[in-house]
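The values are calculated or read from the model by the stated rules, or taken from the named source; none is laboratory data. The structure displayed is predicted, hence computed values, not measured ones. Please note: Cβ atoms are built from the backbone with ideal geometry, for glycine as well, and neighbour counts cover all protein chains shown.
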Amino acid sequence: MANHLSAKKRIRQTETRRLRNKYAAHTTRNAVKKLKTTTDKAEAAEMYPKVTAMVDKLAKTRTIHKNKAANIKSKLARHVNNL
């Protein structure tokens, strides 16, 4: 167990960030799945900017790697364009 105040604070900060990252990643994963399963072109075109913004935000906060974010956005764009 941590003995220094700074170590205890770091533990609290890490737990808070872990929960925030977990929630954001889970929400984004669900949005990506919903967009991938969409077969309506208009609905997919409307959802695409929102989902890409979510993915970009995860990459910006380094929850996911920037190249993974680029791969996800590329696949989503291909899906929307092929509808």
What's the number of the only condition in (1) more than 10 Å from the chain's Cα centre (by Cα); (2) closer than 28 Å to residue 17 by Cβ; (3) touching a residue at least 24 places away in the same chain (Cβ under 8 Å) that residue 55 fails to meet?
(1)
Could you list, in sequence order, all residues of region 38-70 that are in a helix (DSSP H, G or I), of a type in the set (S, T, N, Q) and surrounded by 13 or more Cβ atoms within 10 Å (Cβ to Cβ)?
52
Would you confirm, using the coordinates I've provided, whether residue 22 is assigned to a helix (DSSP H, G or I) and farther than 30 Å from residue 1 by Cα?
no
Six or more apart or on different chains, Cβ atoms under 7 Å: show the pairs whose first residue is in region 68-82 and charged (D, E, K, R) and whose second is modelled with pLDDT of 95 or more and in a helix (DSSP H, G or I).
73/52; 73/55
What about residue 1, is it of a type outside the set (Val, Ile, Thr), surrounded by 15 or more Cβ atoms within 10 Å (Cβ to Cβ), without any contact (Cβ under 8 Å) to a residue 40 or more places away in the chain and out of contact with any strand residue (DSSP E or B) (no Cβ under 7 Å at 6 or more places or on another chain)?
no
Output the residue which, of all residues in region 12-29 that are free of Cβ contacts under 8 Å to residues at least 12 places away in the same chain and surrounded by 12 or more Cβ atoms within 10 Å (Cβ to Cβ), is nearest to residue 74 (Cα to Cα).
29
